[in-house]
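Inspection log for the structure reproduced underneath, given as C-alpha cells.
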Amino acid sequence: MEFSQIDMPALSSTMKEGKVVSWLKSEGDSISAGEAIMVVESDKADMDVEAFEDGFLAAIITEEGDSSAVGSPVALIAAEEGDIAVLKDYAASLSGAPA
C-alpha cells in the first residue's frame, strides 16, 4: 500500500506549531500535486499548504481549529482510493483516538 504523510510545515523560522485554520479538501477527495489542501495559521500569517503529490485525502489527523507541532503528521494521502479505509484506521492509531 502506497501512501504519504502531510506534516505540519514550518512557515517561518520561529514557528514551533501551526494551527489548521481550514481544510480545503475533505476525506476521500482526490487531490493533485500543487493543489492547496489546507490553510495553516503560523505565528506570522495564514498560508495555503499544497499537496506534493497526486492521490486521495485518506485521513485528516489534525482537525480544523487544532494545532500540532511542526513536523508532526496532519493528514495521510493514499495513492489508491481503495486504501482510504485502511489509512483511516492507521490515522486513528496515530492520533491516539479510539479506532
## Note on the structure
the stretch 57-74 and the stretch 1-40 have their Cα centres apart by a whole-number Å value of 7 Å
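Report the net charge of residues surrounding residue 70, where surrounding means a beta-carbon distance below 15 angstrom and charges are Lys +1, Arg +1, Asp -1, Glu -1. Can you show the working numbers first?
Values: positive: 16, 19, 44; negative: 7, 17, 41, 43, 66.
Surrounding charge for residue 70 is -2.
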### Query
On the first, second and third principal axes, largest extent first, how far apart are the outermost C-alpha atoms of the stretch 17-62 in Å?
30, 20, 14
### Summary
In degrees rounded to 10, the 0-90 angle between helix 84-95 Cα long axis and the longest Cα principal axis of the chain is 40 degrees
### Query
Counting pairs of Cα atoms in the chain, how many percent are more than 24 Å apart?
16 percent
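Summing Lys, Arg as +1 and Asp, Glu as -1, what charge do residues with Cβ under 13 Å from the Cβ of residue 91 carry, residue 91 excluded? Please report the intermediate quantities before stating the final value.
Details: positive: 88; negative: 27, 63, 83, 89.
It works out to a net charge of -3.
Normalised by the residues of the stretch 11-56, what does the relative contact order come to in percent, with Cα pairs under 8 Å and at least six apart? If you can, show how the numbers build up before the last one.
Details: 86 pairs, mean separation 18.3, N = 46.
After rounding, I find 40 percent.
In the stretch 1-66, which trypsin sites (Lys or Arg not before Pro) fall in coil by DSSP and have 13 or fewer other Cβ atoms within 10 Å?
16, 44
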### Relative contact order (%) - the chain, alpha-carbon pairs under 8 angstrom, separation at least six
32 percent
### Query
In whole percent, how big is the carbon plus sulfur part of the accessible area of the chain, probe 1.4 Å, protein atoms only?
48 percent
### Query
Which cross-chain or sequence-distant (5 or more) residues have an amide H under 5 Å from the amide H of residue 59, H modelled 1.01 Å from N in plane?
76
### Around residue 53: net Lys/Arg minus Asp/Glu count, Cβ-Cβ under 12 Å
-4
### Query
Residues of the chain: accessible area per residue at 1.4 Å, in Å²?
54 Å²
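The values are calculated or read from the model by the stated rules, or taken from the named source; none is laboratory data. Worth saying up front: this structure is predicted, and the values here are computed from it rather than measured. Don't worry about glycine lacking a Cβ; one is built from the backbone with ideal geometry, like all the others, and counts go over all protein chains shown. Each accessible area value is taken on the protein alone, full model and side chains, heavy atoms only, with ligands, DNA and RNA left out. Shrake-Rupley method; radii C 1.70, N 1.55, O 1.52, S 1.80 Å.
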